[in-house]
Amino acid sequence: LWRAPMAGSKNFTRAGEQAFQKMDKINAEVFTLTYGSMVQQLLKDHEDPAEVNEKLDAMGYGIGQRLIDELLAKSNVGQCTDLRETAEVIAKVGFKMFLGVAATVGGWAQEDSQFSLYFDDNPLVDFVELPDELRSLKYCNMLCGVVRGALEMVNMRVECHYVRCTLWGDETLEIRVCLMEKLQDKYPFGDDD
């Protein structure tokens, strides 16, 4: 968990904007088309949308494990006090920093161990239409993997899945995050070494 060293009320939206300004940028259309080409290649290689969903999640998991270090280094966001604060950092700082858009956090349930991330804007789906035979494709499933990978690196094992998607005709993209376990740090050396 991270803790933000900001004074007074924590303004994660502002922290996200500042972190985004520090990042190297790529043309949004190039980014979107490159992602689309990658998904298309995965569909050619695997044909089954369920397999592609798994591959996208696995790729995102590896990316999330690396992005968390950059987020912590460049955003001035430290250790959070609880899952609510962590969710706000993910939504307002992490996604803004790396995707250029912020998400909204809501849908809290079960003693603050589950929440949803809502995206009104998602640059990954620009120029994309899913044919009916690919309705089971979770086109942006990489985002679920990114969240899982990043949170595991800060000792939280989560499950993450799509609930709604604009490519399925929904108003917004909703990703559900469920905290499964808080992991303990494992040190390679004993106390007596």
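The values are calculated or read from the model by the stated rules, or taken from the named source; none is laboratory data. Just so it is clear, the structure is predicted and the values come from calculations on it, not from any experiment. As a convention, Cβ positions derive from the backbone with ideal geometry for all residues, glycine included, and neighbour counts pool all protein chains shown. When the accessible area is computed, the model is the full protein with side chains, heavy atoms only, and any ligands, DNA or RNA have been set aside. Shrake-Rupley method; radii C 1.70, N 1.55, O 1.52, S 1.80 Å.
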Of all residues in the stretch 76-106 being in contact with a helix residue (DSSP H, G or I) (Cβ under 7 Å, 6 or more places away or on another chain) and more than 23 Å from Asp120 (Cα to Cα), the one that is most open to solvent (accessible area, probe 1.4 Å): Asn76
Residue match in the stretch 167-179 (condition: among the hydrophobic types (A, V, I, L, M, F, W, C), over 18 Å from the mean Cα position of the chain (by Cα) and loosely packed, with under 13 Cβ neighbours inside 10 Å): no
Val105 being part of a loop (DSSP other than H, G, I, E, B), touching a strand residue (DSSP E or B) at 6+ places or on another chain (Cβ under 9 Å) and without any contact (Cβ under 8 Å) to a residue 24 or more places away in the chain: no
Residue check for Ala109: open to solvent by less than 20 Å² (accessible area, probe 1.4 Å) and among the hydrophobic types (A, V, I, L, M, F, W, C): no
Enumeration of residues in the stretch 19-40 that are at pLDDT below 85 and of a type in the set (Val, Ile, Thr): Ile26, Val30, Thr32
Exclusive hit being assigned to a helix (DSSP H, G or I) and either over 30 Å from His46 (Cα atoms) or within 11 Å of the chain's Cα centre (by Cα) (or both), set Leu67, Leu56: Leu67
